[in-house]
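> This is the structure, below, for whatever I ask next.
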């Protein structure tokens, strides 16, 4: 390693040269569809194969580069054309460049003084996304992810219901919030963190496509009020994790306005549909919400993590984060109007806006629209292929680019279909040929393929269908 008076030692130079060579090679290899998506080794296999312990003395550069090679070889290839597992995938090189520069400059986002250009970039990205949502006088902040955004939504809702709560607590008042049966699990985390209790997160049933049933919400709010509790927030979802369902936001907004409740929309997945005039109608009514979270690291393909929380009314976040006024050693007041530390639950915070800004500059609005439209077109193609195949079942009509599939086979009962569907997923992963996720709908297993990877095309979809059926036939009773 370099001494304090050295810029780079020989060790540092050789390490960085080796790393950059591997970056170049890794990016070049990521499009190879014949390679495995994952090695799918068990934890014990990895422990037996690799050396994880750190020692009393440091290692040489060759050993370190060997460690990096092992890491790259054992990592899931998230840019592989057959990676269709989570709600993200692929490599956006402009975004990756932003990650490099963010790490290189190694700053934090609490003050303009420390992060001058980054602060203006974050403000620009927030303003751009506010306009897309339809917020005319809002504000926002980059967060660690949609989970943090959902937490912020609940805190904002609590503070509007009981403005003194941050100072004196809830004083025995039992707050209740409402979610759909298909909402993200982070809503429970948020309820836990702010202390309302998991039992006071009221679950509302969903329809056949996975969207919240607004009439049941109205009834549940009335029941909680009659019980002496304090309804304060509804969390809707614009793109559920499994089926991609979108809750009826205009109906939810009407109810929340009538009942004086905060409406937060988890648009971590579906927010990107606002980028195209052909898909933005899917989020009709989102401008009526009080707050939303939106993850550019999902359908937009920006590198993890990149997530934004937006509120309709300016000043909301500074009120929620009023505790920062005590940070006299950090937030000095000279650039208070620009210091984003006054609007964040975090102190140290990465410059996640840079990678989004560079990616947006590279693509432009039209580039984003084209990418989103391509994903929806490919999802439609996959849906058609599933519907046309006699051995496959489309479990639910998708609202986003999540496609939920079950192997129905030939003369199989439900138990056999479920067992074979689960077995197909295991073989896909163990072979390393495809990565799709598994979940359950109505208590039965399904395969969920997500179109959110720019390297997915019609041939990839054809190959996936062929392999699913091939494995399904091999697992079926003879």
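> Within the range 452-474, track down each residue that is in contact (Cβ under 8 Å) with a residue 40 or more places away in the chain, surrounded by fewer than 18 Cβ atoms within 10 Å (Cβ to Cβ) and either in contact with a helix residue (DSSP H, G or I) (Cβ under 8 Å, 6 or more places away or on another chain) or part of a loop (DSSP other than H, G, I, E, B) (or both).
Within the range 452-474, 454, 455, 457, 458, 462 qualify.
> Out of (1) touching a residue at least 24 places away in the same chain (Cβ under 8 Å); (2) outside any strand (DSSP E or B); (3) under 18 Å from residue 383 (Cα atoms), the odd one out for residue 439 is which?
Unmet condition: (2).
> Cβ contacts < 8 Å: first residue outside the structural domain of residue 157 (by TED's automatic domain parsing) and within 12 Å of residue 152 (Cα to Cα), restricted to the range 313-333; second residue part of a helix (DSSP H, G or I) and at pLDDT 65 or above, any location; separation 6+ or different chain. Result?
Nothing qualifies.
> Of everything in the range 241-271, what is more than 16 Å from residue 133 (Cα to Cα) and in a strand (DSSP E or B)? Give them in sequence order.
262
> To continue, here is another question. Does residue 285 satisfy the criteria of being assigned by TED's automatic domain parsing to the domain that holds residue 128, touching a helix residue (DSSP H, G or I) at 6+ places or on another chain (Cβ under 7 Å) and at positive phi?
In short, yes.
> Do we have residue 75 as under 30 Å from residue 461 (Cα atoms) and surrounded by 17 or more Cβ atoms within 10 Å (Cβ to Cβ) here?
no
> Considering each residue of the range 302-313, count those that are closer than 13 Å to residue 99 by Cα and within 10 Å of the chain's Cα centre (by Cα), and give that number. It would help to see each step written out before you state the result.
Here is the first cut: in the range 302-313, the residues closer than 13 Å to residue 99 by Cα are 302-306.
Imposing the further condition that a residue be within 10 Å of the chain's Cα centre (by Cα) reduces the set to 304-306.
Total satisfying the criteria: 3.
> Among the listed residues 420, 424, 446, which satisfies the condition of being crowded, with 17+ Cβ neighbours inside 10 Å, modelled with pLDDT of 95 or more and under 20 Å from residue 35 (Cα atoms)?
Exactly one residue qualifies, and that residue is 424.
Condition check ((1) under 19 Å from residue 82 (Cβ atoms); (2) buried (at least 17 other Cβ atoms within 10 Å of the Cβ); (3) touching a residue at least 24 places away in the same chain (Cβ under 8 Å); (4) in the same structural domain as residue 38 (by TED's automatic domain parsing)) across all residues:
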{"residue": "390", "(1), (2), (3), (4)": "no, no, no, no"}
{"residue": "398", "(1), (2), (3), (4)": "no, yes, yes, no"}
{"residue": "401", "(1), (2), (3), (4)": "yes, yes, yes, no"}
{"residue": "412", "(1), (2), (3), (4)": "no, yes, yes, no"}
{"residue": "450", "(1), (2), (3), (4)": "yes, yes, yes, no"}
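> Looking at the range 80-123, which of its residues are over 17 Å from residue 293 (Cβ atoms), part of a helix (DSSP H, G or I) and touching a helix residue (DSSP H, G or I) at 6+ places or on another chain (Cβ under 7 Å)?
94, 95, 97, 98, 99, 101, 102, 118, 119, 121
> When you scan the range 144-151, do you find a residue that is in contact with a helix residue (DSSP H, G or I) (Cβ under 8 Å, 6 or more places away or on another chain), free of Cβ contacts under 8 Å to residues at least 60 places away in the same chain and outside the structural domain of residue 24 (by TED's automatic domain parsing), even just one?
So far as the range 144-151 goes, yes, one or more of its residues are in contact with a helix residue (DSSP H, G or I) (Cβ under 8 Å, 6 or more places away or on another chain), free of Cβ contacts under 8 Å to residues at least 60 places away in the same chain and outside the structural domain of residue 24 (by TED's automatic domain parsing).
> Let me ask something else. Going by the structure shown, is residue 61 farther than 30 Å from residue 295 by Cβ and not assigned by TED's automatic domain parsing to the domain that holds residue 146?
So residue 61 passes the test.
> Which one of the conditions (1) under 30 Å from residue 283 (Cβ atoms); (2) assigned to a loop (DSSP other than H, G, I, E, B); (3) not assigned by TED's automatic domain parsing to the domain that holds residue 347 does residue 52 fail to meet, given that it meets all the rest?
Here residue 52 meets the rest and fails (1).
The values are calculated or read from the model by the stated rules, or taken from the named source; none is laboratory data. It should be emphasised that the depicted structure is a prediction, and the values quoted were computed from it without experimental measurement. Note that we place each Cβ from the backbone using ideal geometry, even for glycine, and neighbour counts take in every protein chain shown.
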